[in-house]
Each structure stands twice: as C-alpha cells, then as structure tokens.
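Taking it in order: structure first as structure tokens, then the write-up.
Coordinate-derived values only; no laboratory data. It should be emphasised that the depicted structure is a prediction, and the values quoted were computed from it without experimental measurement. Here Cβ is always computed from backbone atoms with ideal geometry, including for glycine, and neighbour counts include all displayed protein chains.
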Amino acid sequence: MKQFLSINDVPDVSELVHQALTVKRNPDAWKELGLYKTLGMIFMNPSLRTRLSTQKAGNSLGMNVMVMNVAQDGWNLETGDGVVMDGDAQEHIREAARVISQYCDIIALRSFARLKNQEEDRSEAFLTRFVDEATVPVINMESATGHPLQALADLMTIEEHRSTTAPRVVLTWAPHPRALPQAVPNSFAQWVGKSDAELIITHPEGYTLDPEFTAGAAFEPDQNRALEGADFVYAKNWSSTTPYGEVLSRDRDWMITEEKMSLTNQGKFMHCLPVRRNVIVTDEVLDSPTSIVIEQAANREFATQAVLKRVLEWIG
Ligand code: CP
C-alpha cells in the first residue's frame with residue numbers, strides 16, 4: 001500500500017480487516033519489518049487514542065517514532081500559494097512537508113476540518129497539499145472528511161462481536177455542545193458500506209452526511225424506529241451539513257439511554273471516543289456489558305499496525 005489516505009487506498013477492505021485481526025493475535029510477528037525506519041506523527045489537532053495507538057503500532061514493527069504537535073510546538077503553517085507571509089504564519093507547508101520527509105520514511109498526519117468553508121473541507125485542502133509536497137508515504141490520522149484508521153478498528157470490532165453474517169448496524173447522531181467534524185461518521189458509513197452489514201443512519205434535519213460516504217445506507221428519521229432490532233448502535237455527534245458546520249440541535253432526546261438500547265436486538269453500543277457522558281450516552285449504557293467502546297479503542301493499535309505493515313512492505 002503506497003499510502004493510506006482513505007478507503008480508496010484499500011483494494012480489499014475485508015482482507016485488511018482480517019489482516020488486522022491476524023496482527024492482533026500475534027503483534028510481535030513483524031517486529032523487524034520496520035527496523036531502521038522512522039515514522040513521523042504530525043498533529044495539527046489534539047489526540048489521545050490515535051497518538052498512543054499509532055506510536056505503539058510503529059514500535060511493535062520495530063520503527064523509530066517521532067511525534068510533533070505542530071499546532072502547539074511548531075510554526076504556524078501557511079497553505080496558500082503566492083501569499084505575502086506577513087501575518088501569523090511563519091512557515092509554508094511547502095517547506096514543512098518536504099523537510100519532515102527528510103527525517104521520516106512514513107508520515108502520519110492529523111488535520112481536522114475547519115468547519116468554516118464546506119468546499120475547502122470537502123476538497124481535503126490541507127491533507128492534499130501536504131501529500132503533494134511530501135516525498136514519503138502519508139497515513140491519514142483523521143482529516144477534514146475521514147478517519148479511516150478509526151473505521152478499520154470499528155469494522156474489526158464488529159467482526160469480533162457479530163453473531164449474524166449481515167448485522168443490522170445503526171449510525172445515530174447524538175447531541176454535543178460544540179460543532180464537531182463529520183470525519184468519523186463519514187468513514188464509518190463508507191467502510192460499513194463495503195461490508196456485509198445493513199447500515200441505517202438516523203439524525204435530525206440538517207445533518208445529512210455527504211452521499212459520497214453513505215452509498216447503500218438507509219435513512220430513518222425516527223431514531224427509535226431505526227434502533228429497533230439493531231445489533232450494533234454507533235453513536236456520534238457531527239455538526240450540521242445544511243447549513244455547514246453548526247450546532248442546529250442540542251436535543252437530549254437523541255442521547256442513547258438504556259430505554260433506547262432496549263429497542264435493539266441486545267445490540268452492542270459503539271463510539272469512537274472521546275465521549276461526553278450523559279450528553280451522547282448515559283453512564284448506565286457506557287458502563288454496561290453492552291458497551292464495546294474500550295475494545296474499539298484497543299483495536300486502534302492493531303488496525304494501525306496492519307496499515308503500517310502494508311506501507312512498510314510497499315517501501316521494501
Ligand atoms: N477516536 C480517536 O481518534 O481518538 P483521539 O481523537 O483521542 O485520537
């Protein structure tokens with residue numbers, strides 16, 4: 001795999017899910033594959049799971065791993081062409097990406113949606129520019145429109161817990177006080193769409209996800225009806241899409257409760273984390289055996305290790 005920016009870089013999603021599950025069973029089996037190779041992790045935004053799981057995944061493959069929180073520790077980056085750089089930005093992405101490439105064999109990048117300009121976010125302006133300037137493979141640790149490492153871990157978790165070949169999976173919007181990107185629900189819908197699962201999406205008006213990511217999914221505006229018979233309930237907040245990037249609803253009736261989970265087929269509760277307790281989901285659900293959020297987070301390590309392994313094999 002020459003890069004991992006989105007599902008488009010994955011020839012066979014099911015095969016990669018099973019590769020990640022194989023890595024999970026024996027994570028030390030490839031501990032020399034990345035010897036003398038360096039992974040550079042570049043964060044424009046905060047992280048807990050992605051940072052730690054990616055670092056561990058690189059180490060398990062024998063890689064040297066460097067981490068930089070550019071937003072806190074680096075220079076402000078300019079991305080525009082022909083800009084007179086007499087404002088806040090001290091460095092252009094053109095030099096930054098090429099310099100980082102000098103020190104690394106693989107670069108992993110996190111750069112969230114700005115939620116100001118829908119077209120800018122849809123075009124993945126920052127990620128695309130960075131990839132264009134970098135001279136080594138780039139891995140997406142969450143970009144404006146996607147979080148494919150999370151989606152791979154989510155599919156692993158569903159695979160481990162499913163009891164039918166075609167589980168009913170519900171992606172439900174849930175309330176949150178701040179405007180969040182659509183990257184996680186986009187990727188979850190897109191990757192589940194490549195599996196045998198039946199996907200139902202439910203959300204309030206104004207929150208329709210980009211159809212580029214939701215092909216094949218059904219939409220049910222009534223959350224309770226959507227949850228009926230669900231094998232998996234994936235709760236996530238995302239900001240509105242029409243208009244773009246706003247908090248249109250804070251309706252607590254969309255929070256996942258034990259009562260709502262009782263509508264499901266003894267469904268498992270999923271969330272990518274971090275999660276706001278008693279806003280997105282109640283304590284009772286999150287602390288119950290139906291919650292598999294910690295296993296999802298654990299699978300982030302092996303999902304990333306499988307992806308790094310593929311990229312290292314491509315580098316040779
Ligand atoms: N799910 C996830 O990506 O978590 P972090 O933002 O903490 O990395």
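Residue order for Leu152, Leu273, Leu312, fewest other beta carbons within 10 angstrom first, comes to Leu273, Leu312, Leu152. Return P(r) of the chain (all Cα-Cα pairs; 10 Å bins starting at 0; whole %; ordered from short to long distances). The calculated distribution, bin by bin, is 6, 27, 34, 23, 9, 1. Counting only aspartates and glutamates at least 8 places from Lys31 when in the same chain, those with an alpha carbon closer than 16 Å to its own are Glu301, Glu313. Computed from phi, the 3J(HN,Hα) profile of segment 126-136 under the Karplus parametrisation 6.51, -1.76, 1.60 (θ = phi - 60°) reads 6, 4, 4, 5, 4, 4, 4, 8, 5, 10, 10 Hz, with x in place of Gly and Pro. Close amide H contacts of Glu91 (hydrogens built in the peptide plane, cut-off under 5 Å, sequence separation of 5 or more or a different chain): Asn76, Glu78. Per-residue ellipticity at 222 nm, computed for the chain from helices alone with -39500 (n - 2.57) per DSSP H run of at least four residues, works out to -10500 deg cm²/dmol.
Ranked for footprinting exposure by Cβ neighbours inside 10 Å, fewest first, Leu149, Leu5 give Leu5, Leu149. Checking every one of the trypsin sites (Lys or Arg not before Pro) in segment 78-169 against DSSP loop status and a limit of 11 other Cβ atoms within 10 Å picks out Lys116. Put in line by how crowded their Cβ is, counting other Cβ atoms within 10 Å and starting with the fewest, His271, His176 read His176, His271.
Equivalent-ellipsoid semi-axes (√(5λ), Cα gyration tensor) for segment 150-296, whole Å, largest first? Mind showing how you got there, number by number?
Values: eigenvalues 84, 64, 38 Å².
Largest first, segment 150-296 gives 21, 18, 14 Å.
Its Cα gyration tensor gives segment 148-208 an equivalent ellipsoid, and the semi-axes of that ellipsoid, as √(5λ) in whole Å with the largest first, are 22, 13, 10.
With R₀ fixed at 30 Å, the C-beta to C-beta distance from Asn278 to Met68 puts the FRET efficiency at about 0.30.
Excluding same-chain neighbours fewer than eight residues apart, the lysines reachable from Lys236 by a Cα-Cα span under 21 Å are Lys116, Lys194, Lys260, Lys268.
Convex hull of alpha carbon positions in segment 1-49: directionally averaged projected area 5.0 nm². Taking only the C-alpha atoms of segment 167-248, Rg followed by Dmax gives 11.8, 34 Å.
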